[in-house]
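**Student:** Right, I'll just put the structure down here and ask away after.
Each value in this text was obtained by applying a stated rule to the coordinates, not by laboratory testing. From a predicted model like this one, the values you see are computed outputs, not experimental measurements. Note: ideal-geometry Cβ built from the backbone for every residue, glycine included; neighbour counts use all protein chains shown.
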Amino acid sequence: MNAPGNVLIFDTTLRDGEQSPGASLSVTEKVKLARQLARLRVDVIEAGFPSASPDELRAVQQVSQAVSEGNYVPVVCALARAEHTDIDQAWEGVKLALHPRIHVFIATSPVHMRDKLHMDSDAVLARVGEMVAYAKGYCDEVEFSPEDATRSDPEFLHEVITAAVTAGASVINIPDTVGYTTPDEFANLIRGIVKNVPGIERTIISVHCHDDLGMATSNTLAGLQAGARQAEVTINGIGERAGNAALEEVVMALRTRADSYNLQTGIDASQIVRTSRLVSNLTGITVQVNKAIVGANAFAHEAGIHQDGLLKNPNTYEIMRPEDVGLSQSRLVLGKHSGRHALRERLAQMGYDLDADKIELTFTRFKELGDKKREVTDADLEALIADLFYQPREVYRLVDLQVVAGRSGMPTATVKLRGPNGEEQVKAAVGAGPVDATYRAIDSIVVTTAELLEYDVHAITSGIDAQGEVSVRTTDGTRAFRGYGADTDIIVASAKAYLNALNRLLTRKDGRKNEEEVG
């Protein structure tokens with residue numbers, strides 16, 4: 001029997017979770033995932049539905065063997081309809097497990113009995129007692145589920161459960177098969193079972209909730225508060241239609257709000273993120289970014305007010321520590337909503353010790369970049385810092401640039417530069433392409449003997465809004481001068497890089513460290 005206050009975690013990712021459209025797993029993948037579930041320390045692994053196919057039977061058999069060794073050995077369970085052949089197959093699947101369980105189910109709601117089973121209530125009642133007793137002949141642990149329990153007549157449900165308990169069921173699972181119930185209704189249903197089923201105290205009441213109305217986790221927690229002591233869940237909440245109650249949500253709700261639930265699990269929560277990512281990789285079902293606990297944004301903060309509070313005290317905006325679920329730390333997402341505190345903290349982590357004036361200048365440029373990009377990455381900041389503080393004295397500065405390009409017509413660039421005395425000049429030029437036209441226009445203002453030796457461009461970050469980074473190398477015939485520029489507009493970045501190299505050339509007497517000998 002389960003200890004008071006302890007909730008068993010019954011993971012059905014390999015069975016109900018795999019029933020998600022497109023989530024089929026190979027035998028090898030099921031074994032790999034089962035071993036990770038054992039590391040997560042789930043109490044029960046529902047390995048599959050052996051009568052579904054020979055491959056499914058092999059998967060259950062191999063899972064049973066794979067997790068029956070080591071320091072921690074969970075129960076391995078196989079699902080079976082209330083039929084002799086299904087139960088026989090289920091036993092074939094789990095008989096090599098150190099702790100085997102057979103899970104027998106039959107529908108009990110009027111619509112299922114009438115339209116799916118074509119059985120009346122008396123026939124269903126008789127079948128329950130017979131099949132649970134038959135499964136009990138194979139192993140001590142037998143779980144029984146009245147399918148569509150939340151749409152069943154409560155009095156008939158009590159009769160069915162009584163028959164299962166009398167026949168030897170050790171676990172009674174109450175499934176909200178179509179995600180129909182509400183937390184209050186479900187809690188009352190569990191309380192009614194506790195009150196009206198003789199011998200129910202000798203069993204563990206389990207709950208299995210689907211998420212069709214978005215209440216699977218809430219209903220599961222309500223059932224546990226009402227007396228259930230096993231939660232049937234899946235990693236990332238995958239499963240039929242809208243999925244199941246998510247393991248990570250149920251476990252972390254019980255842990256974080258222990259003051260409210262006064263219940264605990266034996267789950268090693270530090271394995272949650274690792275398991276989530278494995279399930280996503282194996283099934284191909286991506287986790288939505290704002291998914292509770294395991295989503296990419298679950299511990300990410302962009303708003304300046306939130307970032308400032310988090311840096312002062314994590315408890316201001318985080319009710320769980322990211323380390324608790326297997327993440328190394330929270331993520332401060334730098335973007336247009338971020339403030340000075342977060343920017344200063346990130347720059348310090350990157351090794352930049354900037355004074356107040358430089359921070360202010362960096363923040364201004366950072367905000368401009370944040371308006372153009374969804375997220376400003378470390379690579380973006382490196383480029384921004386290089387553009388601001390690791391440049392030669394600006395003899396000429398880019399004020400404005402306009403380019404016309406395309407397959408028809410001639411690529412034309414118009415540039416406006418501010419010169420050494422503050423005067424502004426505007427020139428236009430035609431070139432082989434937009435970058436060539438830009439460089440020709442610059443050359444018509446900045447008169448030097450420079451020759452372009454090398455031009456290189458690449459994206460600093462991924463995505464359509466990525467910054468472009470351009471580096472060039474020019475020469476005056478004796479020395480080479482490197483130039484660098486970054487911008488979300490690649491032509492602007494090219495102009496910055498070229499001017500950067502020209503400024504180094506023009507100030508070579510004061511900036512020898514920016515030069516390199518040619519040849």
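**Student:** Quick one: Debye curve from the C-alpha atoms of region 90-212, no solvent, what's log10 I(q)/I(0) at q = 0.10, 0.17, 0.20 Å⁻¹?
**Tutor:** With one equal scatterer per Cα and no solvent, log10 I(q)/I(0) is -0.29, -0.83, -1.11.
**Student:** Please identify which residues in region 151-188 have an amide N closer than 11 Å to a label point set 7 Å out from the Cα of Asp212, following the Cα→Cβ vector.
**Tutor:** What the label zone holds, given the 11 Å backbone N cut-off, is 151, 176-181.
**Student:** Over the Cα atoms of region 8-283, Rg to Rh with Kirkwood Rh, two decimal places? Display every interim value, and only then the final one.
**Tutor:** Numbers: Rg = 17.1 Å, Rh = 18.3 Å.
Rg/Rh for region 8-283 comes to 0.94.
**Student:** Give me a comma-separated list of calculated 3J(HN,Hα) values for region 246-261, in order, Karplus coefficients 6.51, -1.76, 1.60 applied at θ = phi - 60°, integers in Hz, x for any Gly or Pro.
**Tutor:** Residue by residue, region 246-261 yields 7, 3, 5, 6, 5, 4, 6, 5, 5, 6, 6, 10, 4, 5, 8, 8 Hz.
**Student:** In region 1-76, what GluC sites (Glu not before Pro) fall in a loop by DSSP, with at most 15 other Cβ atoms inside 10 Å? Walk me through the intermediate numbers first.
**Tutor:** Values: sites: Glu18, Glu29, Glu46, Glu56, Glu69; in loops: Glu69.
For GluC sites (Glu not before Pro) across region 1-76 that sit outside H, G, I, E and B with at most 15 neighbouring Cβ atoms in 10 Å, the list reads Glu69.
**Student:** When the Karplus curve 6.51 cos²θ - 1.76 cosθ + 1.60 is applied with θ = phi - 60°, which whole-Hz ³J(HN,Hα) does each residue of region 410-418 get, with x for Gly and Pro?
**Tutor:** So the J values, rounded to whole Hz, are 10, x, 10, 10, 10, 10, 10, 10, 9.
**Student:** List, in order, the whole-Hz ³J(HN,Hα) value for each residue of region 175-191 obtained from phi through the Karplus relation with A = 6.51, B = -1.76, C = 1.60 and θ = phi - 60°; use x for Gly and Pro.
**Tutor:** Once rounded to whole Hz, the list reads x, 9, 4, 10, x, 8, 7, 10, x, 5, 4, 5, 4, 5, 5, 5, 4.
**Student:** Over 10 Å intervals from 0, what percent of Cα-Cα pairs in region 195-290 sits in each interval?
**Tutor:** 15, 44, 31, 8, 2
**Student:** Here is a further query. Between Leu453 and residues 5 or more places away or on another chain, which pairs have amide H atoms under 5 Å apart, with H built 1.01 Å from N, and which residues are they?
**Tutor:** Under 5 Å from the amide H of Leu453: Arg473, Thr474, Thr475.
**Student:** Next question, about the same structure. Given H placed on each backbone N at 1.01 Å, which residues far from Ile204 in sequence or on other chains put an amide H within less than 5 Å of it?
**Tutor:** Residues meeting the criterion, in which the H sits 1.01 Å from N, are Val171, Ile172.
**Student:** List the residues whose amide H sits under 5 Å from the amide H of His210, counting only those 5 or more places along or on another chain, with H placed 1.01 Å from N in the peptide plane.
**Tutor:** Those lying under 5 Å, H to H, from His210 are Asp176, Gly179.
**Student:** May I ask which of Lys32/Lys136; Lys32/Lys95; Lys95/Lys291; Lys32/Lys116; Lys367/Lys427 have a Cα-Cα span longer than 27 Å here?
**Tutor:** Working: Lys32/Lys136 30 Å; Lys32/Lys95 20 Å; Lys95/Lys291 37 Å; Lys32/Lys116 35 Å; Lys367/Lys427 30 Å.
Among Lys32/Lys136; Lys32/Lys95; Lys95/Lys291; Lys32/Lys116; Lys367/Lys427, the Cα-Cα distance tops 27 Å for Lys32/Lys136; Lys95/Lys291; Lys32/Lys116; Lys367/Lys427.
**Student:** Using the basic label-point model (7 angstrom from Cα toward the beta carbon), what is the Glu345 to Arg479 distance in nanometres?
**Tutor:** About 4.3 nm, to one decimal.
**Student:** Set the Förster distance to 51 Å, then compute FRET efficiency between Arg39 and Glu201 from the Cβ-Cβ distance, nearest 0.05.
**Tutor:** On the way: r = 33 Å, r/R0 = 0.65.
For R0 = 51 Å, the calculated efficiency reads 0.95.
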